[in-house]
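Notes follow the structure.
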Amino acid sequence: MSHFAIIAPPFYSHMRALQTLAQALIARGHRITFIQQADAAALLSDSNIGFHAIGQATHPAGSLSHTLQLAAHPTGLGILRLIRDMASSSDMLCRELPAALRSLGIEGLIVDQMAPAGGLVADALRLPFVSVACALPVNREAHFPLPVMPFLWGTNSAAHERFASSEKIYDWMMRSHDRVLARHARAFGLSGHHQPHQCLSPLAQISQLPHALDFPRRALPEHFHATGPLREAPGQPAAPLFSNGPRPRIFASLGTLQGSRYGLFKTLAKACRELDAELLIAHCGGLSDFQARKLLRAGAARVTDFVDQRAALAQADVAVTHGGLNTVLDAVTHATPLLAIPIAFDQPGIAARLVHHGLGIRASRFATSHQLARHLRHLLEDDATRQRMASLKPQLTHCGGVERAAEITARALLTRQPVRAEKHYDIAV
């Protein structure tokens with residue numbers, strides 16, 4: 001039995017995806033410990049997985065709420081504050097991970113691409129590690145938009161200039177974070193570790209995003225594996241979440257960070273009232289009971305904090321999402337067309353990919369109820385979108401999912417040799 005550590009940002013979607021990978025590795029006989037600030041322990045639900053808290057001086061218990069508030073409002077000055085917070089987290093990990101890894105006897109790391117300090121420290125300690133992209137991959141290549149960019153795919157000179165210019169702006173905004181990585185890289189005696197995409201594993205890189213949902217890639221490393229969703233096997237069939245009436249069924253969720261956007265939910269409720277559609281809202285604890293009651297009066301049929309998302313997507317005719325990758329992958333699995341309303345992070349990039357592949361519609365978060373109603377009506381009446389969704393389901397299954405990800409991870413960490421992608425898993429975009 002080997003002891004592996006998981007380094008991930010303290011966000012629910014990332015922690016839960018990697019928890020599923022951890023469970024698959026535990027089933028293979030390995031021991032898994034997450035290492036992060038103390039508050040992140042509450043994001044795990046399996047007592048078989050270990051947790052080791054670090055950062056008590058700079059990131060004590062109770063401090064994660066500030067990070068989550070910044071992440072929920074990443075616009076204007078808020079994005080700069082969030083980047084400073086990310087820099088502080090990376091600094092803490094670089095300072096405290098080495099001692100923690102030694103004391104725990106860690107033999108290999110599984111590092112979320114959004115926690116590049118983990119890869120930097122692994123290289124410094126000469127520990128094998130695997131990179132995992134729970135969100136859009138940060139791997140860069142020429143003439144390819146960054147994950148956070150909203151641009152549609154293009155191959156002409158104007159598109160290439162747009163991609164390059166936006167990359168320069170992004171790097172300028174992220175400079176305070178990148179300086180932290182560069183400073184610690186120098187202290188560790190390493191070079192070329194100044195940005196997250198330079199801190200990826202040379203052994204294996206795993207992505208939840210199937211090739212069939214990405215823009216055309218041309219320069220991925222040979223050890224890059226698109227395994228598809230890191231999900232546990234589905235449970236028993238869920239009880240009906242919608243009524244049995246003839247009304248169209250709409251499911252809406254904006255994820256754990258954006259679930260407090262009452263105004264957007266209200267606009268959506270009005271749109272569904274205009275369509276005479278049955279709207280189920282899951283706000284992930286972001287709304288008060290008073291706000292939930294107001295949404296019911298505005299046109300929602302049911303408003304709750306959490307719901308079995310895969311069951312809701314399986315039963316819905318259309319889903320409304322912020323564009324989080326986990327929700328999108330679940331929707332594709334159940335062939336549920338999507339109305340994407342991206343807000344931040346890689347959500348604009350995911351929405352652009354949905355449009356590129358004809359799997360849904362992208363709308364502005366400032367759209368009116370009439371505009372949203374028009375988009376929803378189109379998706380409800382468009383069989384072609386649903387057929388394209390259905391055609392992708394076998395491809396997601398073929399990717400291998402969490403079991404294939406666990407096999408790749410274990411092989412890379414135990415052999416310390418690169419694990420090349422098997423060609424029969426590659427699916428043309």
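No lab work stands behind these numbers, since they all come straight from the coordinates. What you see is a predicted model, and the numbers here were worked out from it, not measured in a lab. Positions of Cβ are backbone-derived with ideal geometry, glycine not excepted, and every protein chain shown enters the neighbour counts.
Neighbours of THR336 by Cβ distance under 9 Å: Lys/Arg scored +1, Asp/Glu scored -1, total -1. To the nearest 10 degrees, how steeply does helix 262-275 sit against the main Cα axis of the chain, on a 0 to 90 scale? On a 0 to 90 degree scale, this one is about 40.
Seen against the Cα atoms of the chain and their longest principal axis, helix 383-399 is set at about 20 degrees.
So if R0 is 51 Å, what FRET efficiency would THR368 and GLU222 give, r being the distance between their Cβ atoms, rounded to the nearest 0.05? In this case the efficiency is close to 0.60. Above 29 Å, the calculated P(r) of region 249-395 contains 7 percent of its Cα-Cα pairs.
Spin-label model, ARG247/ASP382: points 7 Å from Cα along the beta carbon direction are separated by 2.4 nm. Loop-located chymotrypsin sites (Phe, Trp or Tyr not before Pro) in region 218-315 (DSSP state not H, G, I, E or B) with no more than 13 neighbouring Cβ atoms inside 10 Å: PHE306.
For region 5-70 versus region 324-348, the spacing of their alpha-carbon centroids is 24 Å. A straight Cα-to-Cα reach below 13 Å connects LYS270 with the aspartates and glutamates GLU278, residues fewer than 8 places away in its own chain not being considered. Once you sort the root eigenvalues of the Cα gyration tensor of region 97-196 as a ≥ b ≥ c, which label holds: rounded (a/c under 1.5), prolate (a/b larger than b/c) or oblate (the other case)? Verdict is prolate for region 97-196.
Put simply, the convex hull of the Cα atoms in the chain casts, on average, a shadow of 20.1 nm².
Restriction of the GluC sites (Glu not before Pro) in region 93-172 to DSSP coil positions whose beta-carbon has at most 16 other beta-carbons within 10 angstrom yields GLU141. Over the chain, Cα pairs under 8 Å with separation of 6+ residues give a relative contact order of 16 percent. Put in order of Cβ neighbour count within 10 Å, fewest first, the listed residues SER364, SER166 become SER364, SER166. Between the beta carbons of ALA239 and LEU152, assuming R0 = 45 Å, the FRET efficiency works out to 0.70 to the nearest 0.05.
Overall size of region 1-95 from C-alpha positions, given as principal axis extents largest first: 46, 24, 19 Å. Remark: the LEU125-SER288 segment gains 54.0 nm on full extension, using 0.36 nm per residue and subtracting the alpha carbon distance.
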